[in-house]
Amino acid sequence: MPRKNPHSLETPTLEAPVNLTAGSHFERLLKQGKFVVTAELGPPKGAERAVVEKKAHLLKGYVDAVNITDCQTSVVRMSSIASAQILLEMGIEPIVQMTCRDRNRIALQADLLGAWALGMKNVLCLTGDHPKFGDHPGAKPVFDLDSIQLLQMLKTMREEKKMLSGTPLEGAPSFFLGAAENPFADPFPFRARRLAKKITAGAEFIQTQIVYNVDKFVQWMEEVRQKGLHKKAFILAGVAPLKSAGMAKYMKKNVPGMEVPDAIISRLEKKNSKAEGIEICLGIVEKLRQIEGLSGIHIMAVEWEEVVAQLVEKAGLLPRPASVGG
Amino acid sequence: MNIKIKGEAPCIVACPINQDARDYVQLLARRNFEQAFQIVRSKNPFPASCGRICTRRCEEACRRTSVDEPVAICWLKRFLADKDFTPNLPKPPKEYPETVAIVGAGPAGLSAANSLILLGYKCVIFEELQEPGGMLRVGVPRYRLPRESLDKDINNILSLGAQLRTGIKVGRDITLSDLQREGFKAVFLAVGSHKPLKLDIPGEELPGVISGIEFLRQITLGGGVKVDNRVAVIGGGDTALDAARAALRMGARDVSLIYRRSMEEMPCETVGRKEAEEEGIKFVLLTTPAKIFGKNRVTGLRCIKMTLGEPDNSGRRRPIPLPGSGFTLQVDTVIVAIGQSPEVDLLSKNGVEISEKGTIKIDNHTMSTTIPWVFAGGDAVTLGGTLVQAIAHGNQTALSIHNYLRGERFQIPVRTEPIKELSPPRVQLIKREARQRMPMLPVESRIKDFNEVELGFPEEQAVKEARRCLNCAAGAVVDPELCAACLTCVRVCPYDIPQIPLGGRTAEIGPDCQSCGVCVVECPANAISLKDRYEDMGEKTLESVMGQIPGRGILQYAPTIVAFLCQYDSHSQTVSQKLRENGIKVVEVSCISKLEPRTLLKAFEMLADAVVIIGSQSGDCHFDAGHTWAKRRFDYTALFLETLGLERQRLQWLSPTPEEEFFKSLSNFVEEIKKLGPVFQIV
Amino acid sequence: MIVARPKSFEEIIRLIQNYKKVAVLGCGGCVTVRSIGGQKQAEELASLLRLWAKRQGKDVVVTEATLTRQCEPEFVESINDRANDWEVVISLACGVGVQCLAERFPRIKVLPGVDTIFMGATIEPGLYWERCVGCGECIVGETGGFCPVARCAKSLMNGPCGGSQGGRCEVSPDTPCVWQLIYERMEQLGMGEELDVIRPPKDWSVRPQRMIMEHLRKVDSRQ
């Protein structure tokens, strides 16, 4: 059966001139209609620059932009902005993740003003995990703003050149803003509506939670299309290869908002290997590419960055395009 | 605390003398027999007699009936009376100069004498017979009321100082005017009701026909009465039943009791009726005698069958003769026991007004006759009254005479309303506990003589029976001043009793409260207490037992161990004995659910080296939920002790059953505590 | 009501070990209702302290008393006479009560005997749950009667977050996701669309807050 791919990689749409917000490579590809691939990089639990460099090397050339996590799962790591600076120096485009967990509105604005000044153009706005899950469970959770308010604040900075307080900015950041969404969380009927809120608040791209339950994802995408949200923001589906049946079960049980279908677990139980995990992941990617309105995939291979290259290659997503007109 | 409880225990309200049945039963349950007896005696001068032949209005009213069976209050009174405690009655607050004449040494007269002496008056009792006791002596057979028991009651009354003059019949030997002349300021006529009623049928004058009251009197006083083989007793009251059973004991082989209504309408005591049935008395019901046959002596009794029609004035269905139903019984003796009336002719001549029924006319409140200084009571005004009714009349008349002599108005006592019956949902929550059975002489031996049939409860049985008492109207009360409206009581009550009234803030604890004490312990504001005066939740007992600690020698160390023991456990007596033998201080509580953690801590503060709680097994408990609550507090207190660094073994929970295991665990426990040494190193 | 939990005995004795005259003060307010700091608990703690002192061979006088409410000056005044005999007071009241004592009796060392944890409701006997943080800007009228500030682990204004699963909060599976509750109630009330509006950042005003009710203040009759 001939595959109908709405985002043909071979024929980028060059005709239409695009309005760019931040002018990043990542933004440009999306707006050119490319099927984009991003991946996640977790900074080290320390000050070792080489760790960031090593992980970044593994990704370079295989993805279009790299998300730098912001102390993911509330565990202290090198700051996302600092790590992003290392990537910039290596010629890799970062997507800076910014959570509301550790910073109040003053710190958020200050840090992001700095990020813009350093040349970071993409920001993924997150509420953040609760500190309870991390290595400093007694830390005071800030949550002065939530992700939607953060998006709105950054959009206002960009469009009105004002801080949240109304103070005029000496140079306004003009970030390409993104948000995360978990299609598998509850209440399910409200998920697409909440996505709409994020888009209204300023999100132009969306990276979703890891998709294992493709059927449910398809259902969610249908709602997204019904609301026309896929035309207002670029949606990248999260994917991640499973290392083992044990990991699959663990994720199903312990990661909030993570749905791992039993079929996947039993497949891994029969043939318990990393290779099988990769195969499963490729199958999911295959299915995802057929969904109308999906703009790309976001690979979250936590502490398994070396698999990204393999995955992208096997999925037939190479070579990565160069952005045109940038 | 000043809290009003609406309503009183129905047993107390139902009793004509308002005997505090609940209170003495509760004390008995706690093995405080002496105090229980004194409560009985304070209102009842005939505890031994009443404990045997009372008509038990209290038991009819007992709220336990809706759960299973009423508490055997009467038999518990008997148990206390049989303990032979010396009555401890209050000395009269004042001695008055007047002397009162009492006519008749029956229960009414003797009760009046008892009360009058306690009020501060002197009394002289005039009795026609040679011995006091009236109907109790001559009308109640010994197998129901042994002479010794009756004499004990009477002697206790007479020893207060009443003068008894026997062999004097007032009206015949001495007139009321004589009494007045002799200086008596008031007279109480308690002459009883000894004149038998007649059947008014042919043949009633034949030899072999005798009245029930005469028959019983002759048995008692030795009048040489005899019965032959076949005896017919006519009547359905206690006298008829007593005559029938006495006839059996006098050697009759075949005794029939002839009654014109059915068993249901019989006025006699149910217990006695059942005993009579066991003994072989035949009940010929719905039958009335028409004629007594015989030439020189009774040979037969012609009877007619009856049927029951509409209810009459007494509320009982009126018997109607069935035409053509006549039949004849072959009998040698006919005992007529259809009632008595007082002998009033002589008194009437003395100016005492007599009613149409042939009784002495009185004012129901003051007991005064139409002559202001003459009072009357007992069977002479009630006809076939009961013992407790006679006592009530005696007590009441004494008060009235006191008021009369002091020129005071008689205060009609305010009637307290009994609390309502248990609500059906509560009945479901209350544990069923069978009524104790009275040990009795076997039927074969008891019909041979006049030995007492009912043998009385042994101590363990009495205590167990007393513990069935629901302690009505003596449950928990909330002090609204202290109440923090925390709702704890509402939430912890195992019987769902406390309720917040609509729009209110303080819980109302209704009369269905079972006195388990759970809310009292759990109330954080100390706002709840038990109305029960005899319940100390272990606190005062703890103080008293700890007060007995001997000075601790430095060379010899014996640990001080306090045991909190559940009284409801049937083993508690053996257990507490064993504990005392081991030198353990015993604090008995009516359910360990009444133990507060602070009380357990207090034991340690009072230098206990260890505390042991001995509670019945879950399920054996009078209060099922009590066990769970007690265990929680035990754990709660154990945590406290742990924080003090005290060894865990110093607070123990032991189950008293199985006994062997208990004794073993106990001695292990004591050994362990010895090894641990004292809690406090006191130099 | 304010909910508190008892401090550990170790902590209490660490704070009082150098004193000889100790008072344990219960409070008749919230802590009584929760059976944490009422008269009985005061008696228990006092008893425990006496036992501890006796075991240590220390000569410590421990008394106990319970005030109607420790957060009212008039009730605090009621112990004025006795307070001279005390060196240290352990208050079983909430953090408010303990400070009222400390302010009234500057010469006495005032210690908390409980940790105040939240303002909450009784969900069932023995189970209390936080319902309000006293944030000073009540929005439950717009959130279906449920407070996301107190009851969402992240105090989200535009929830639920991605961790809401099966109506439960990701932080504690025993806790219902308040945003799920809000969503359901708002839909039920026909107000679901209000949830599509973005709520602006909350005003976390200056603390400590102070409130004056002018009409209840003292009147100086000399004026």
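The values are calculated or read from the model by the stated rules, or taken from the named source; none is laboratory data. Predicted model, so just to flag it, every value in this text is computed and none were measured. Here Cβ is always computed from backbone atoms with ideal geometry, including for glycine, and neighbour counts include all displayed protein chains. Only protein heavy atoms, including side chains, enter the accessible area calculation; ligands, DNA and RNA are left aside. Shrake-Rupley method; radii C 1.70, N 1.55, O 1.52, S 1.80 Å.
If you take the residues of the range A:111-161 that are within 10 Å of chain C (Cβ to nearest Cβ), aliphatic (A, V, I, L, M) and not in a loop (DSSP other than H, G, I, E, B), which of them is most open to solvent (accessible area, probe 1.4 Å)? Going through the qualifying residues, I end up with A:L126. Annotation note: of B:V225, B:V191, the sole residue that is open to solvent by 30 Å² or more (accessible area, probe 1.4 Å), among the aliphatic types (A, V, I, L, M) and touching a residue at least 12 places away in the same chain (Cβ under 8 Å) is B:V191. Where strands (runs of 3 or more DSSP E) sit wholly within the range B:327-385, those with at least 1 residues that are more than 22 Å from B:Q396 (Cβ to Cβ) and of a type in the set (A, V, I, L, M) occupy B:327-330, B:333-336.
Of the residues making up the range A:105-118, none is over 23 Å from A:T167 (Cα atoms) and of a type in the set (S, T, N, Q). Applying the condition of being more than 19 Å from A:F35 (Cβ to Cβ) and basic (K, R) to the range A:198-228 and asking which residue is least open to solvent (accessible area, probe 1.4 Å) yields A:K198.
Let's see how each residue does on (1) modelled with pLDDT of 95 or more; (2) crowded, with 21+ Cβ neighbours inside 10 Å; (3) charged (D, E, K, R); (4) part of a loop (DSSP other than H, G, I, E, B):
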{"position": "A:A50", "(1), (2), (3), (4)": "yes, no, no, no"}
{"position": "A:K55", "(1), (2), (3), (4)": "yes, yes, yes, no"}
{"position": "A:G61", "(1), (2), (3), (4)": "no, no, no, yes"}
{"position": "A:N67", "(1), (2), (3), (4)": "yes, yes, no, no"}
{"position": "A:V76", "(1), (2), (3), (4)": "yes, no, no, yes"}
{"position": "A:A82", "(1), (2), (3), (4)": "yes, no, no, no"}
{"position": "A:L87", "(1), (2), (3), (4)": "yes, yes, no, no"}
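Applying the set (1) outside any helix (DSSP H, G or I); (2) in contact with an Asp or Glu (Cβ under 7 Å, 6 or more places away or on another chain) to B:A48 leaves exactly one unmet item: (1).
Note on the range A:137-184: among residues that are without any contact (Cβ under 8 Å) to a residue 60 or more places away in the chain and small (G, A, S), the one that is nearest to A:T208 (Cα to Cα) is A:A180.
The residues of the range C:78-94 that are surrounded by fewer than 16 Cβ atoms within 10 Å (Cβ to Cβ) and touching a strand residue (DSSP E or B) at 6+ places or on another chain (Cβ under 9 Å), listed by number, are C:S78, C:R82, C:D85. For A:L30, the test of being within 15 Å of the chain's Cα centre (by Cα), of a type in the set (A, V, I, L, M, F, W, C), crowded, with 22+ Cβ neighbours inside 10 Å and over 15 Å from A:V302 (Cβ atoms) is passed.
Contact map, the range A:185-210: first residue facing chain C (nearest Cβ under 7 Å) and more than 14 Å from A:M221 (Cα to Cα), second residue part of a loop (DSSP other than H, G, I, E, B) and of a type in the set (A, V, I, L, M), Cβ cut-off under 6 Å, separation 6 or more or different chains; pairs are A:K197/C:I198; A:A201/C:I198. Can you tell me which residue is nearest to B:K631 (Cα to Cα) among those in the range B:489-526 that are away from chain C (no Cβ under 14 Å) and more than 32 Å from the chain's Cα centre (by Cα)? Filtering first and then ranking leaves B:Q499.
There is at least one residue in the range C:177-196 that is more than 12 Å from chain A (Cβ to nearest Cβ), farther than 26 Å from A:S147 by Cα and surrounded by 10 or more Cβ atoms within 10 Å (Cβ to Cβ). For the range B:145-170, filtering for residues that are surrounded by 23 or more Cβ atoms within 10 Å (Cβ to Cβ) and modelled with pLDDT under 95 leaves 2. Note on the range B:420-447: residues that are in contact with an Asp or Glu (Cβ under 8 Å, 6 or more places away or on another chain) and either of a type outside the set (V, I, T) or in the same structural domain as B:I497 (by TED's automatic domain parsing) (or both) amount to 16.
Checked against (1) farther than 18 Å from B:Q330 by Cα; (2) in a helix (DSSP H, G or I), B:A247 passes all but a single condition, namely (1). Selection within the range A:170-184: residues that are within 17 Å of the chain's Cα centre (by Cα) and more than 10 Å from chain C (Cβ to nearest Cβ). The member of this set that is surrounded by the most Cβ atoms within 10 Å (Cβ to Cβ) is A:G178. On the basis of being within 7 Å of another protein chain (Cβ to nearest Cβ) and either in a strand (DSSP E or B) or free of Cβ contacts under 8 Å to residues at least 60 places away in the same chain (or both), does C:G144 make the cut? Answer is no for this residue.
If you go through the range C:14-41 and keep only what is in a strand (DSSP E or B) and away from chain B (no Cβ under 14 Å), you end up with C:K21, C:V22, C:A23, C:L25. For the range B:461-473, the criterion of being of a type in the set (A, V, I, L, M, F, W, C) and in contact with a strand residue (DSSP E or B) (Cβ under 7 Å, 6 or more places away or on another chain) is met by at least one residue.
Scanning the range C:122-139 for residues that are touching a strand residue (DSSP E or B) at 6+ places or on another chain (Cβ under 9 Å) and surrounded by 13 or more Cβ atoms within 10 Å (Cβ to Cβ), we see that the one that is nearest to the other protein chains (Cβ to nearest Cβ) is C:T122.
Annotation for the range B:283-305: at least one member residue is within 30 Å of B:N451 (Cβ to Cβ), open to solvent by less than 80 Å² (accessible area, probe 1.4 Å), part of a loop (DSSP other than H, G, I, E, B) and not assigned by TED's automatic domain parsing to the domain that holds B:F450. Within the range B:634-679, if we keep just the residues that are away from every other protein chain (no Cβ under 14 Å), modelled with pLDDT under 90 and not in a helix (DSSP H, G or I), the residue that is surrounded by the fewest Cβ atoms within 10 Å (Cβ to Cβ) turns out to be B:P658. Every test in (1) on the phi < 0 side of the Ramachandran plot; (2) outside any strand (DSSP E or B); (3) touching a helix residue (DSSP H, G or I) at 6+ places or on another chain (Cβ under 8 Å) is passed by B:F564 save one, and that test is (2).
Comparison of A:G91, A:G134 shows that the only residue that is within 21 Å of the chain's Cα centre (by Cα) and on the phi > 0 side of the Ramachandran plot is A:G91. Quick check: is even one residue across the range A:258-276 part of a strand (DSSP E or B) and more than 13 Å from chain C (Cβ to nearest Cβ)? The answer is no; no qualifying residue exists. Taken together, the criteria place A:K253 among residues that are outside any loop (DSSP other than H, G, I, E, B), free of Cβ contacts under 8 Å to residues at least 24 places away in the same chain, of a type in the set (K, R) and surrounded by fewer than 16 Cβ atoms within 10 Å (Cβ to Cβ).
Counting only strands (runs of 3 or more DSSP E) that sit wholly inside the range B:103-203, those with at least 3 residues that are not polar (S, T, N, Q) are B:122-127, B:186-189.
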